[in-house]
Amino acid sequence: MQETRIYVCHGPTCSQHQARQIWSALQSEVRACRLSDRCELIVSGCQGRCDHGPNINVYPNLTKYAHLTPEKVRRIVHEHLAEGHPVAEYTYRDEW
């Protein structure tokens, strides 16, 4: 049973800004860390933070990540998904 759901924005803006690379990095790192049985990756539509993409949302306990790169995603997998510690410096802040 998956405990964590990761919604990867594939809206028009994020799709133009590395959404596929984010998706691929997530898939690879989740598999490498043997988290596939705990994490479900889901393609989402626009998450409404177009100026801050690419974006992902992690549930439960919603954490919104923005301005992502494949390298940042790898860190999120290790620290947030594997160890349970959200990466504060990559989280979306309303004041952006």
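Name the single residue that is most open to solvent (accessible area, probe 1.4 Å) among those in the range 17-26 being in a helix (DSSP H, G or I) and farther than 14 Å from Gln2 by Cβ. Before the answer, list the steps.
Within the range 17-26, the subset in a helix (DSSP H, G or I) is 19-26.
Narrowing further to those that are farther than 14 Å from Gln2 by Cβ: 19-25.
Values: Ala19: 1, Arg20: 191, Gln21: 91, Ile22: 2, Trp23: 54, Ser24: 58, Ala25: 6 Å².
This residue is Arg20.
Six or more apart or on different chains, Cβ atoms under 9 Å: show the pairs whose first residue is in the range 74-96 and in contact (Cβ under 8 Å) with a residue 40 or more places away in the chain and whose second is open to solvent by 70 Å² or more (accessible area, probe 1.4 Å) and among the acidic types (Asp, Glu).
Listed pairs, sorted by first residue: Trp96/Asp51.
Step by step: first the residues of the range 57-96, then only those that are polar (S, T, N, Q) and surrounded by fewer than 16 Cβ atoms within 10 Å (Cβ to Cβ), then the one that is nearest to Gln21 (Cα to Cα). Which residue is that? Before you say what the answer is, go through the steps one by one.
Step one: list which residues in the range 57-96 are polar (S, T, N, Q), which gives 57, 61, 63, 69, 91.
From what is left, the residues that are surrounded by fewer than 16 Cβ atoms within 10 Å (Cβ to Cβ) are 61, 69, 91.
Values: Asn61: 25, Thr69: 8, Thr91: 19 Å.
The selected residue is Thr69.
Go through the range 77-91 residue by residue and tally those that are touching a strand residue (DSSP E or B) at 6+ places or on another chain (Cβ under 6 Å) and assigned to a loop (DSSP other than H, G, I, E, B).
So the count comes out to 1.
Condition first: without any contact (Cβ under 8 Å) to a residue 40 or more places away in the chain and aromatic (Phe, Trp, Tyr). Can you find one or more residues in the range 44-59 that meet it?
Here is the first cut: in the range 44-59, the ones without any contact (Cβ under 8 Å) to a residue 40 or more places away in the chain are 44-46, 48, 50.
Subset that is aromatic (Phe, Trp, Tyr): none.
For the range 44-59, residues without any contact (Cβ under 8 Å) to a residue 40 or more places away in the chain and aromatic (Phe, Trp, Tyr): absent.
For the range 7-16, which positions are open to solvent by less than 60 Å² (accessible area, probe 1.4 Å), of a type outside the set (Gly, Ala, Ser) and in contact with a strand residue (DSSP E or B) (Cβ under 9 Å, 6 or more places away or on another chain)?
Across the range 7-16, the qualifying residues are Val8, Cys9, His10, Cys14.
Looking only at the range 40-56, how many residues end up being closer than 18 Å to Pro86 by Cβ, buried (at least 19 other Cβ atoms within 10 Å of the Cβ) and under 11 Å from the mean Cα position of the chain (by Cα)?
3
For the list (1) in contact with a strand residue (DSSP E or B) (Cβ under 8 Å, 6 or more places away or on another chain); (2) assigned to a loop (DSSP other than H, G, I, E, B); (3) among the acidic types (Asp, Glu), I need the number of the one condition that Glu40 fails.
Of (1) in contact with a strand residue (DSSP E or B) (Cβ under 8 Å, 6 or more places away or on another chain); (2) assigned to a loop (DSSP other than H, G, I, E, B); (3) among the acidic types (Asp, Glu), only one is false for Glu40: (2).
Quick grid of which residues meet (1) assigned to a helix (DSSP H, G or I); (2) hydrophobic (A, V, I, L, M, F, W, C); (3) touching a strand residue (DSSP E or B) at 6+ places or on another chain (Cβ under 6 Å):
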{"site": "Arg5", "(1), (2), (3)": "no, no, yes"}
{"site": "Cys46", "(1), (2), (3)": "no, yes, no"}
{"site": "Asn61", "(1), (2), (3)": "no, no, no"}
{"site": "Arg75", "(1), (2), (3)": "yes, no, no"}
{"site": "Arg93", "(1), (2), (3)": "no, no, no"}
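Let's see how each residue does on (1) touching a Cys at 6+ places or on another chain (Cβ under 7 Å); (2) of a type in the set (Asp, Glu):
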site	(1), (2)
Ile6	yes, no
Cys14	no, no
Leu26	no, no
Glu29	no, yes
Glu83	no, yes
Pro86	no, no
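The values are calculated or read from the model by the stated rules, or taken from the named source; none is laboratory data. No experiment lies behind these values; they were computed from the predicted model shown. Methodologically, a virtual Cβ is constructed for each residue, glycine included, from the backbone with ideal geometry; neighbour enumeration extends over all protein chains shown. To get the accessible areas, we keep the full protein, side chains included, count just its heavy atoms, and leave off ligands, DNA and RNA. Shrake-Rupley method; radii C 1.70, N 1.55, O 1.52, S 1.80 Å.
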